[in-house]
Each structure stands twice: as C-alpha cells, then as structure tokens.
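Undergrad: Got a structure here, written out as structure tokens. Questions coming.
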Amino acid sequence: MIKGITLVHSVASADARSLAMDRLGSLFETLGFESGKGWQDDQRRGAAFLAPLGNIELVTGRTPAVPPLLIEVTQLDHVHTAVQQWMLTEHRTEEVETLLSAPELTHWNSRLFTAQLTSELRVGFWQSENPLHGRPLAIEGDLDAHGMRFAIITTRWNTVITDRLLQGSLDALYRSGAAKQDVEIVRVPGAWEIPNAARTLAESKKFDAIVTLGCLLRGETAHYEAIYTEVARGIGQSQQETGVPHAFGVLTCETLEQALDRAGLKAGNKGFEAAIAAIEMVSIQRKLRAPDQAAS
C-alpha cells in the first residue's frame, strides 16, 4: 500500500546550499508546511516539508508549461503576497518582478503564479476555481421537489407564528418544483398533537416527507419543557419507525419577539428551512435506495 509521495529536489549549488536551505525552510514554514524529519551527512543536508495531500501526475507528449513542482493552496492571493515579501528580502525589486509572476487564470479552471525561489528551484502555486474541488465524494440531496409528495402539519395555537412558518414552507416547496396538489396541509390544535398526526400521515405511505410546524413559548411553569420533550420525542420516533423523513420546524422560544424573528423577521424563516430539509432528505433516500431498486 502506498503511504506517501516524496519529491527530492536540489535547491542550490554546493557553495550556497546552506543559506538557501535555511531561507527556503523559513518560507515554507511561513506558508504552513509541516516540518518533517531532516538529515545531514558530511557533504549534504536534507529538510522535509509535509503537505496534507500529494499527487504524482504522468503525461504523454509535450510537458505542460508549468513548473515540475506545483503546490495547491487556498487563499492564493495571500500566498502570493507572502512569497513576494520573502523575495523582496532576498532580491532587488526589479529582480522580483522577473522572478515572480502575478496570479493568472489557466485553461484548467484554476489560477496560478510561479516563483523562481532559487536558480535551481521554480515552484508553481495554484488554486482551483471550482468551489467543489477537493471536497470528499458524498451522496447529497438535490433541491428538486418535482414529483414529491409532502404533508405539512401546523397548529392553530400561536397562529400569528405558525401561519408565517406555513407560508415559508409552501414558498420553499413551490419554488423547488412541488405541485400544489402534492402538498397536503393538516391543522392540529397545538404542538402536543403534532406527533400523532405525523405518525398517521407517515403510516399512510401517501407522502414522501412530513413537515412539522409549531411554536412553544416559555411560560411561568414547567409546562413548556414537558410539552417540548414529548413533541420532539414523538416526531423523532415516528420518523425512525416509519422511515419517512420528518422535518422539524417546531419553534421553542422564550418570548413572542424571538418567535417572530425566527418566523421570517430577522433570523430567517424556520418553516422554509424545514421544507428545504424535507426535500433534500427525500432526494437522499431515493439515491440511497436506487441500487436496490435497480437490482430488483
């Protein structure tokens, strides 16, 4: 099994290697490389700098017009500034202009600049312009609600809040492609009744996901905690036992002002967020089940 890749490169001629090594070591440490184990004998000295990931690239035909040593970075402009400041301490300004290029776009959807750090060492620093580059492969849901069926449970209690949550949920579903006939709205008296309605709807197998909306405001007694605990437990249990995604949009707030903020005034609309989560979970379930369905 391959454990790592090491590129060995001479950084200076014999008479200048010690100074160049020390200066380059300082630069690479500034840029964030982790120092590895060095070595030294009577004639030579080595220093290792460790990067999180390494690649080896093989090409046929003409070698690409890039340095043989390419370092992928984030915040390319900050790296360019750091290299430039280092080079200004080693060279005159007019020399730096010829030794250090400006970051430029490449034909491979990246930005790149090159630096001639020593007479023997030319390095390219680059950053991908693709926002998904380097992200680990994962199954993720799509925000496309076409063909999905949803049930939204909302409450008559605290309707000044729950009606706002409901409008947020409907907005999210319709914007994402859900058809109005595929969205069922169910009103229950209060938050306590949400789990029962959610379980009934989930067991009907008519819906791909359930969106639960409600609002609990803290009073002067322990009633708030008791209700919230059972509502959360009941919704979670219904989801686990039926396998139908349940999006949680039940607000638990200290004051009416906090609830209004979370229902669209200042802190976003939690009904909208719950519906978006429901769409994504349905999409994820379909992707996860696709191999099984193909096999059958």
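Undergrad: Any chance you could get the radius of gyration and Dmax over the Cα atoms of segment 129-191, in Å?
TA: Gyration radius and largest Cα-Cα distance of segment 129-191: 16.3, 51 Å.
Undergrad: Then there's this: Give me P(r) over segment 4-90, computed from all C-alpha to C-alpha distances, binned every 5 Å, as integer percentages.
TA: With a bin width of 5 Å, the distribution comes to 2, 10, 19, 22, 21, 15, 8, 2, 0.
Undergrad: Among all lysine pairs in the chain that are eight or more places apart or on different chains, how many have alpha carbons less than 27 angstrom apart?
TA: Taking the chain as the scope, the lysine pair count is 10.
Undergrad: What do you get for the angle between helix 223-242 and the principal long axis of the chain? Use alpha-carbon atoms, 0 to 90 degrees, nearest ten.
TA: 80
Undergrad: Further question on the same structure: So how do Ser35, Ser169 line up by other beta-carbon neighbours within 10 Å, fewest first?
TA: Values: Ser35 12, Ser169 29.
Lowest count first: Ser35, Ser169.
Undergrad: What is the mean projected area of the alpha carbon convex hull for segment 150-291, to one decimal in square nanometres?
TA: If you wrap the Cα atoms of segment 150-291 in a convex hull and average its projections, you get 8.3 nm².
Undergrad: Dipole magnitude of segment 1-160 about its Cα centre, charges +1 at Lys/Arg Cβ and -1 at Asp/Glu Cβ only, in debye to the nearest 20?
TA: Working: 13 positive and 19 negative charges, 106 e Å.
Charge dipole of segment 1-160: 500 debye, to the nearest 20.
Undergrad: How big is the Rg/Rh ratio for the chain, C-alpha atoms only, Rh by Kirkwood, two decimals? All intermediate terms of the calculation are to be shown ahead of the outcome.
TA: Working: Rg = 29.7 Å, Rh = 24.4 Å.
Rg divided by Rh gives 1.21.
Undergrad: If you consider only alpha-carbon coordinates, what radius of gyration and Dmax does segment 1-151 have, in Å?
TA: For segment 1-151, the Cα radius of gyration and maximum Cα-Cα distance read 19.9, 77 Å.
Undergrad: While we're on this one: Return the distance in nm (one decimal) between the two label points of a simple spin-label model at Lys206 and Val66, each offset 7 Å from Cα along Cα→Cβ.
TA: Here the modelled spin labels are 5.7 nm apart.
Undergrad: So, with +1 on the Cβ of K and R and -1 on the Cβ of D and E, and no other charges, what is the size of the charge dipole of segment 150-291 about its Cα centre, to the nearest 20 debye?
TA: Numbers: 16 positive and 16 negative charges, 94 e Å.
Dipole magnitude for segment 150-291 comes out near 460 debye.
Undergrad: What 222 nm value per residue comes from the helices of the chain, counting each DSSP H run with n ≥ 4 as -39,500 (n - 2.57) and dividing by all residues, nearest 500 deg cm²/dmol? The partial results should precede the final answer.
TA: Values: 8 runs with 117 residues, N = 296.
My calculation for the chain gives -13000 deg cm²/dmol from helical runs alone.
Undergrad: Got a sec? How would Lys37, Lys3, Lys270 order by Cβ neighbour count within 10 Å, fewest to most?
TA: Working: Lys37 8, Lys3 4, Lys270 24.
Fewest-to-most ranking of Lys37, Lys3, Lys270: Lys3, Lys37, Lys270.
Undergrad: Could you tell me which residue out of Leu88, Leu132, Leu170 lies farthest along the dipole of the chain toward its positive end? Charges go on the beta carbon: Lys and Arg +1, Asp and Glu -1, centred on the Cα centre.
TA: Of the options given, the answer is Leu170.
Undergrad: Over the chain, what is the percentage of antiparallel beta bridges among all DSSP beta bridges, to the nearest 5? Please report the intermediate quantities before stating the final value.
TA: Details: 15 of 37 bridges.
Counting DSSP beta bridges with both partners in the chain, the antiparallel share is about 40 percent.
Undergrad: Report for segment 65-213 the percent antiparallel among DSSP-assigned beta bridges with both residues inside it, nearest 5.
TA: Working: 10 of 24 bridges.
Restricted to segment 65-213, the bridges split so that about 40 percent are antiparallel.
Undergrad: Right, something else. Counting pairs of alpha carbon atoms under 8 Å apart in space and at least six apart in sequence, what relative contact order in percent does the chain give?
TA: Working: 448 pairs, mean separation 45.8, N = 296.
Computed over the chain, the figure is 15 percent.
Undergrad: Rounded to the nearest 5, what % of the DSSP beta bridges within segment 150-291 are antiparallel ones? Mind dumping the intermediate values first?
TA: Working: 1 of 19 bridges.
Restricted to segment 150-291, the bridges split so that about 5 percent are antiparallel.
Undergrad: Here's something else I'd like to know. Under a point-charge model restricted to the Cβ atoms of Lys and Arg (+1) and Asp and Glu (-1), what is the dipole moment magnitude of the chain relative to its Cα centre, in debye to the nearest 20?
TA: Details: 28 positive and 36 negative charges, 167 e Å.
With Lys and Arg at +1 and Asp and Glu at -1, about 800 debye.
No lab work stands behind these numbers, since they all come straight from the coordinates. The shown structure was predicted, so the numbers you read here are calculated from the model rather than taken from an experiment. Note that we place each Cβ from the backbone using ideal geometry, even for glycine, and neighbour counts take in every protein chain shown.
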